[in-house]
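Worksheet for the structure shown next.
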Amino acid sequence: MPDDVLKAWREAGARGAAEHKAWDEQFAQLGNRKRAEFERRLRHERPQSLAKGLRAFKKGLLENPLNVATRKSSEAAIEVIAAAMPMEFVAGSADLTGSNNNKAKSAVAFAAKTPKGRFIHYGIREHGMAACLNGIFLHGGFAPNGATFLVFTDYARGAMRLSALMGAGVVYVMTHDSIGLGEDGPTHQPVEHLSALRAMPNMRVFRPCDAVETAECWELALNRIDGPTVLALTRQNLPQLRTTAPNDNPCSHGAYELVAAQGDAKVSLFASGSEVQIAVEAQKQLAGRGIATRVVSVPSLELLLAQPAERQNAVIGNAPVKIAIEAAVRWGWDAVIGRDGEFVGMHGFGASAPAKDLFPHFGITAEAVVNAALKRV
């Protein structure tokens, strides 16, 4: 390091020495409990109340299922999170708050007059929002998340890449995650974005299939402090498919068997997000034809592929026919289904129409899955 640069930095440090000492003395005056709480937040350790609150939330979901869009089940989970982390949990949106559903009811907008506000209105500034989230996390003491539509990760990508490069534990709440957003059309319908984000080193992508998985993915995202996480969430309503919520959080392995085959599986169906319900319906139809079929929910493809080979093999299984279902491009799925596996998904851009019309139009249906299986069994 050049001598003049070293000298300048040491002079800057000397100027702050008195303030640093005063701060240490003031901090020492605090009680042990306050000091421990302050240091916990700076270390990005989550309070025990977070895990406890989410366990109770999932138990409630099993008793009273929530059949809504995952952006709405995310909103319900956020209410629990905000109650457990009222001063740490800092959310915000790039001008899509009403659509992203990541503002807790108790959250006050951050402004000069309300500096304790925990929701930031970033305006239509996706890159700026992502850059701010990096700074908030690196400062310490806060668990920041920011939201927009998944397709607009194109605008935020530079700062999101820095999140991954720096190992910043930022959470990106990306809603309207597929052609299922409907009438906004192909400009707003992401098809290649899941693959692009999955390809980014140290970026973790979760695409939950229902309210239970959404809560589990939120917990994993908040507890990950060595890299960023994307939560890809739907606009359209989804049925709650999970009927159990084990303490070990199956989403932590990237994928798990949601529906077992009756007997030795002849077909394995792999799907993420909104397409898991299609896989479940296809499984029922195939089982009705006497074809033993299992369904594997894959909330995080790249997390599955990061598991030890033994666990991967156990999840992927030995069924001779493997089919992946996702309303996005195929890229990445060959690692699970093989080059000769069947894929039911997108092969181009979307179109402008209601979601209920788009999925049949592009052949992403249970019937298409059944037909793909029948030609291979």
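The table for this structure:
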read-out	value
Cα Rg over Rh - the range 124-201, Kirkwood	0.99
Extension gain, A17 back to N202 (0.36 nm per residue minus Cα-Cα distance, nm)	62.9 nm
Radius of gyration, Dmax [the range 195-352; alpha carbons; angstrom]	15.0, 47
Cα-based shape type of the range 48-232, given that a ≥ b ≥ c are square roots of the gyration tensor eigenvalues and the cut on a/c is 1.5	rounded
The chain, relative contact order [Cα under 8 Å, separation at least 6], %	15
Fluctuation leader among N32, N100, N318 - the chain, Gaussian network, Cα springs under 10 angstrom	N32
The range 48-232: Lys pairs at Cα distance under 29 angstrom, eight or more positions apart or on different chains	17
25 Å Cα-Cα reach of K7 towards lysines, excluding residues that sit fewer than 8 places from it in its own chain	K21
Residue order, fewest to most surrounding Cβ atoms within 10 angstrom, among C217, C132	C132, C217
Computed [θ] at 222 nm, deg cm²/dmol, the chain (DSSP H ≥ 4; -39,500 (n - 2.57); rounded to nearest 500)	-13000 deg cm²/dmol
Fraction of antiparallel bridges per DSSP, the range 91-194 only, in percent to nearest 5	10
Set of lysines near K266 by C-alpha distance (under 22 Å), chain-local residues within fewer than 8 positions excluded	K284, K322, K375
0 to 90° range, to nearest 10: angle between helix 17-29 axis and the chain longest Cα axis	70
Using alpha-carbon coordinates, inclination of helix 211-223 to the longest axis of the chain, degrees	40
Proxy reagent accessibility, fewest Cβ within 10 Å first, across M166, M160, M346, M1	M1, M166, M346, M160
Calculated on alpha-carbon atoms, Rg and Dmax of the chain in Å	22.6, 79
Surface/4 of the Cα convex hull for the range 218-274, nm²	5.7
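Taken together, the values in this text are just the output of simple stated rules run on the coordinates, not laboratory data. A quick note: this is a predicted structure, and the numbers were derived from the prediction, not measured. Glycine also receives a Cβ, built like all others from the backbone with ideal geometry; neighbour counts cover every protein chain displayed.
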